[in-house]
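Here's the structure we're looking at; comments come further down.
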Amino acid sequence: MACPLRCNGALKHNTEVAVPTSPSRPLSPHLTIFRWPLSMALSILTRVTGAALAVGLVLLAWWLVALANGPDAFATIDGIVDSWFGGLVLFGFTAALFLHLGNGIRHLAWDMGYGYDAETTHRSGLFVVGFTVAATLLTWIVILAA
């Protein structure tokens with residue numbers, strides 16, 4: 001049977017769809033075949049950290065309300081915060097804060113027209129990641145040393 005789309009045999013005929021005969025080529029683009037650029041990953045992480053910071057502010061408000069309600073209410077939330085899980089949440093909140101801050105400053109520079117070429121975009125992304133790691137670790141070293 002002749003190929004219905006005049007494809008010189010590159011496609012085989014199927015009653016429902018025409019599919020490529022080469023198994024190495026995907027049927028459509030998919031995230032698994034792309035190498036994520038750093039800017040794309042940071043863009044997604046900035047949105048995720050923005051949501052995480054909003055949740056963190058609710059937890060901060062809960063902590064402040066417990067503090068205002070007296071020692072019994074505060075003891076409950078203090079027990080949660082002092083657990084390994086609470087420490088992990090606070091560490092993640094700190095990292096989210098610094099990543100969101102660093103990428104926010106990066107976006108301000110872009111809003112002013114600086115850093116749009118590919119090399120500068122990649123370097124500023126690496127700077128944001130380095131800033132996030134360094135600031136988070138430095139903050140927690142100071143907290144744990146006190």
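Among the residues of the stretch 121-132, which ones are surrounded by 13 or more Cβ atoms within 10 Å (Cβ to Cβ) and in contact (Cβ under 8 Å) with a residue 24 or more places away in the chain?
Listed by number, the residues that qualify are T121, H122, G125, F127, V128, V129, F131, T132.
Considering (1) over 23 Å from S43 (Cβ atoms); (2) surrounded by fewer than 11 Cβ atoms within 10 Å (Cβ to Cβ), say which one A118 fails and leave the rest.
(1)
Kindly indicate which of G92, G104, G86 is of a type in the set (G, A, S), at pLDDT below 95 and assigned by TED's automatic domain parsing to the domain that holds W140.
The conditions single out G86.
The values are calculated or read from the model by the stated rules, or taken from the named source; none is laboratory data. Just so it is clear, the model here is predicted, and its values are computed rather than measured. FYI the Cβ positions are ideal-geometry reconstructions off the backbone, even for glycines, and counts take in every protein chain you see.
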